[in-house]
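Below is one structure, written out as structure tokens; comments come after it.
The values are calculated or read from the model by the stated rules, or taken from the named source; none is laboratory data. Because the structure is a prediction, the values reported are computed rather than measured. Note: ideal-geometry Cβ built from the backbone for every residue, glycine included; neighbour counts use all protein chains shown. Areas reflect the complete protein model, heavy atoms only, side chains present, ligands, DNA and RNA absent. Shrake-Rupley method; radii C 1.70, N 1.55, O 1.52, S 1.80 Å.
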Amino acid sequence: MDHKLIESVTVSAPATTANLGPGFDALGLALNLHNTVRLSRAASGLTVEIQGEGAASLPRDETNTIVKAARRVFEHVGEEPGGLRFHLTNGVPPGSGLGSSAAALVGGAVAANALLDNPLSREDVMLLAVEMEGHPDNACAAMLGGLVVSSYGDSDLIYRRVAVPKLTVALALPDVHALTEELRAMLPKMVPLKDAAANIGRAALVVQALTEADYDLLGAAMRDRLHEPYRKTAIPGYDEAVHAAYRAGAAAVTISGAGPSLIAFGPDHHAEIGAAMGHALEAATGKPARTWVLQVDPRGTQVADD
Ligand code: HSE
């Protein structure tokens, strides 16, 4: 059966915070900061227009992550797309620990699938994005929204979306050069069994704490031994920012994704917590830090009605 020819689609994909402390590569939470991609058919060639975050730095050719994800979908379904035009409006800063690469992969893949009138299921599209990313936490949360628990071993992806209340978080991003690949390369190949065991229990307790907005439990459980002790050395002012967040009322603070941003959870005073972390990071780096107060995005990646 021929697919109907769709000329243009618009897709919105959210930021995500991965790991949530001890849930390394397994927990992801979608946040209400979005990238939008408008993908249109063109007579020939590739055009990539970018506004918003990363407009000065992101590539406008085949090496752009959104273009790669879209091409992967076309290739997977055996379609030759012809000319393509991407118009990207980015709210998620690249290289921040807020899941910009997952938003790009999921957004690009969903847009290509929608342009082809959805030959792939949302699950298959998500799996392609996870394969490209190499780990599932950000991509699953970006696709599904809310809190997602996932496990990925080469090609077997197991995941569940877990219902959480409307949580609000504070984030602070220092002005430091820290690529996700470099922050991943800082991690050891082997970890002590007692550290792995501590993380397994705490990751399960973090899920329970988020489900019930139990901030006392979250504060006790959101402590990591597998990545944070290594990565914090790449974040000048990390210790001071964590202490400042607690003083301002945070219940739990951790690195967002691979960093360098920090995320703090608590029942209230989110603007004050964000500002306190930002000031501590600014004092350590001598450069302005950016802060956000965000809520959980329950919707995930959406195709707009054109
Ligand atoms: N789980 C990933 C990591 C998230 O910590 O490296 C960042 O992409």
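Annotations
- Subset of the range 77-96 [within 16 Å of the ligand (Cβ to nearest atom) and open to solvent by 10 Å² or more (accessible area, probe 1.4 Å)]: Pro94, Gly95
- Subset of the range 221-255 (residues that are among the β-branched types (Val, Ile, Thr) and closer than 23 Å to Glu181 by Cβ): Thr233, Ile235, Thr254, Ile255
- Hey, Val242 open to solvent by less than 70 Å² (accessible area, probe 1.4 Å), in contact (Cβ under 8 Å) with a residue 40 or more places away in the chain and assigned to a helix (DSSP H, G or I) or not: no
- Selection over the range 106-133 of residues that are more than 16 Å from the ligand (Cβ to nearest atom) and charged (D, E, K, R) gives a count of 4.
- Checklist (1) modelled with pLDDT of 95 or more; (2) touching a strand residue (DSSP E or B) at 6+ places or on another chain (Cβ under 7 Å) applied to Ala139, failing item: (2)
- All of (1) within 21 Å of the chain's Cα centre (by Cα); (2) in contact (Cβ under 8 Å) with a residue 60 or more places away in the chain hold for Leu218 with one exception: (2).
- Strands (runs of 3 or more DSSP E) contained in the range 252-301 and holding at least 3 residues within 21 Å of Gly91 (Cα to Cα): 262-265, 290-295
- Looking across the range 42-53, the residues that are part of a loop (DSSP other than H, G, I, E, B) and loosely packed, with under 13 Cβ neighbours inside 10 Å come down to Ala43, Ser44, Gly45.
- Residue identified as open to solvent by 50 Å² or more (accessible area, probe 1.4 Å) and either within 30 Å of Pro229 (Cα to Cα) or free of Cβ contacts under 8 Å to residues at least 40 places away in the same chain (or both) among Ala56, Ala26: Ala56
- In this structure, Asp214 does not satisfy being closer than 26 Å to Ala271 by Cβ, exposed (fewer than 15 other Cβ atoms within 10 Å of the Cβ) and away from the ligand (no atom under 16 Å from the Cβ).
- Test: Ala103 is closer than 22 Å to Glu49 by Cβ and either more than 16 Å from the ligand (Cβ to nearest atom) or open to solvent by 10 Å² or more (accessible area, probe 1.4 Å) (or both): no
- Of residues in the range 269-306 being open to solvent by less than 70 Å² (accessible area, probe 1.4 Å) and charged (D, E, K, R), the one nearest to Thr17 (Cα to Cα): Asp297
- Top-ranked residue of the range 126-140 - restricted to ones that are closer than 17 Å to Arg184 by Cα and among the small types (Gly, Ala, Ser), ranked as surrounded by the most Cβ atoms within 10 Å (Cβ to Cβ): Ala139
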